[in-house]
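> Handing you a structure now.
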Amino acid sequence: QKVSEKFSGWKRWILGFFMTDEIFAVAAAEDEVEPKFFLGLSVIPYVGWTMGTLLGGLIGNVLPPMVMSALCLAIYGMFLAIVAPPARKSGAVLCVVAIAVALHCAFYYIPLLKQIPSGISISICAIVAAIVGALLFPLKDEEKEADAQ
């Protein structure tokens with residue numbers, strides 16, 4: 001809803017390819033996302049994640065278990081740092097986060113759902129929460145125009 005009209009055709013494919021939760025969170029804070037802004041926003045993290053994955057694969061088996069545990073926990077801290085500020089400002093964002101947390105708790109505690117792999121359950125929680133949020137809190141054109149002014 002916030003991408004400029006310059007995002008058309010193949011540029012939308014590029015947008016979809018580079019879209020991650022972190023890039024989405026930063027882009028969503030903008031009033032309007034231009035292609036050049038999005039390219040600058042997405043290329044550096046993409047290269048960083050690719051190089052980090054390569055380095056992690058190469059030296060991951062050499063690091064001590066304590067360091068590996070700390071690195072596994074860091075991704076959750078990064079996610080909280082991205083989600084917490086918008087959730088404090090917007091009841092809609094807080095509601096979507098609460099829905100995702102409640103769904104994840106269901107996948108963790110309900111025996112039948114507990115059998116679903118965690119990666120898939122997290123994806124399901126995120127998708128369902130996003131759909132519910134889009135249905136409950138749509139960004140109306142009037143709000144978009146008011147935000148632009």
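> Is there a residue being assigned to a helix (DSSP H, G or I), polar (S, T, N, Q) and either farther than 27 Å from residue 85 by Cα or more than 14 Å from the chain's Cα centre (by Cα) (or both) anywhere in region 2-13?
No, the conditions are met nowhere in region 2-13.
> Look at residue 110 and say whether it is over 21 Å from the mean Cα position of the chain (by Cα) and open to solvent by less than 90 Å² (accessible area, probe 1.4 Å). So that I can check it myself, show each step before the final result.
Working: over 21 Å from the mean Cα position of the chain (by Cα): yes; open to solvent by less than 90 Å² (accessible area, probe 1.4 Å): yes.
Here the answer is yes, as residue 110 does meet what is asked.
> Every residue in region 30-48 that is surrounded by 11 or more Cβ atoms within 10 Å (Cβ to Cβ) and either without any contact (Cβ under 8 Å) to a residue 40 or more places away in the chain or within 17 Å of the chain's Cα centre (by Cα) (or both), please. Show your work before the answer.
Filtering region 30-48 for residues surrounded by 11 or more Cβ atoms within 10 Å (Cβ to Cβ) gives 30, 32-35, 37-39, 41-43, 45-46.
Within region 30-48, 30, 33, 34, 35, 37, 38, 39, 41, 42, 43, 45, 46 qualify.
> What residue, of 99, 122, is in a helix (DSSP H, G or I), open to solvent by 80 Å² or more (accessible area, probe 1.4 Å), under 21 Å from residue 20 (Cβ atoms) and not hydroxyl-bearing (Ser, Thr, Tyr)? Explain how you work it out, then say what you get.
Numbers: 99 fails: open to solvent by 80 Å² or more (accessible area, probe 1.4 Å).
Being in a helix (DSSP H, G or I), open to solvent by 80 Å² or more (accessible area, probe 1.4 Å), under 21 Å from residue 20 (Cβ atoms) and not hydroxyl-bearing (Ser, Thr, Tyr) holds for just one of 99, 122, which is 122.
> Working only within region 49-72, note down all residues that are under 20 Å from the mean Cα position of the chain (by Cα) and either small (Gly, Ala, Ser) or loosely packed, with under 10 Cβ neighbours inside 10 Å (or both).
Residues satisfying the conditions are 52, 72.
> Ok, one more. Give the residues of region 1-29 that are open to solvent by 100 Å² or more (accessible area, probe 1.4 Å) and of a type in the set (Asp, Glu), sorted by residue number.
The answer is 5, and nothing else.
> Identify the residue in region 66-92 that is touching a residue at least 40 places away in the same chain (Cβ under 8 Å) and hydrophobic (A, V, I, L, M, F, W, C) and, among all such residues, is farthest from residue 126 (Cα to Cα). Don't jump to the end; show me each part of the working.
Of the residues in region 66-92, the ones touching a residue at least 40 places away in the same chain (Cβ under 8 Å) are 78-79, 82-83, 86, 92.
Next, only the ones that are hydrophobic (A, V, I, L, M, F, W, C) stay: 78-79, 82-83, 92.
Numbers: 78: 16, 79: 13, 82: 15, 83: 13, 92: 15 Å.
Only one residue tops the list, namely 78.
> Take region 4-37 and flag every residue that is of a type in the set (A, V, I, L, M, F, W, C) and in contact with a strand residue (DSSP E or B) (Cβ under 8 Å, 6 or more places away or on another chain). Give the derivation first.
Going residue by residue through region 4-37, those that are of a type in the set (A, V, I, L, M, F, W, C) are 7, 10, 13-15, 17-19, 23-29, 33, 37.
Those that are of a type in the set (A, V, I, L, M, F, W, C) and in contact with a strand residue (DSSP E or B) (Cβ under 8 Å, 6 or more places away or on another chain): 7, 15, 27, 33.
> Could you tell me whether residue 82 is within 30 Å of residue 136 (Cα to Cα), open to solvent by less than 50 Å² (accessible area, probe 1.4 Å) and β-branched (Val, Ile, Thr)? Let's see the steps before the verdict.
Working: within 30 Å of residue 136 (Cα to Cα): yes; open to solvent by less than 50 Å² (accessible area, probe 1.4 Å): yes; β-branched (Val, Ile, Thr): yes.
Judged against the criteria, residue 82 is a match.
The values are calculated or read from the model by the stated rules, or taken from the named source; none is laboratory data. Keep in mind it's a predicted model, so treat the numbers as computed, not measured. All Cβ positions, even for glycine, are placed from backbone atoms using ideal geometry, and neighbour counts span all protein chains on display. To get the accessible areas, we keep the full protein, side chains included, count just its heavy atoms, and leave off ligands, DNA and RNA. Shrake-Rupley method; radii C 1.70, N 1.55, O 1.52, S 1.80 Å.
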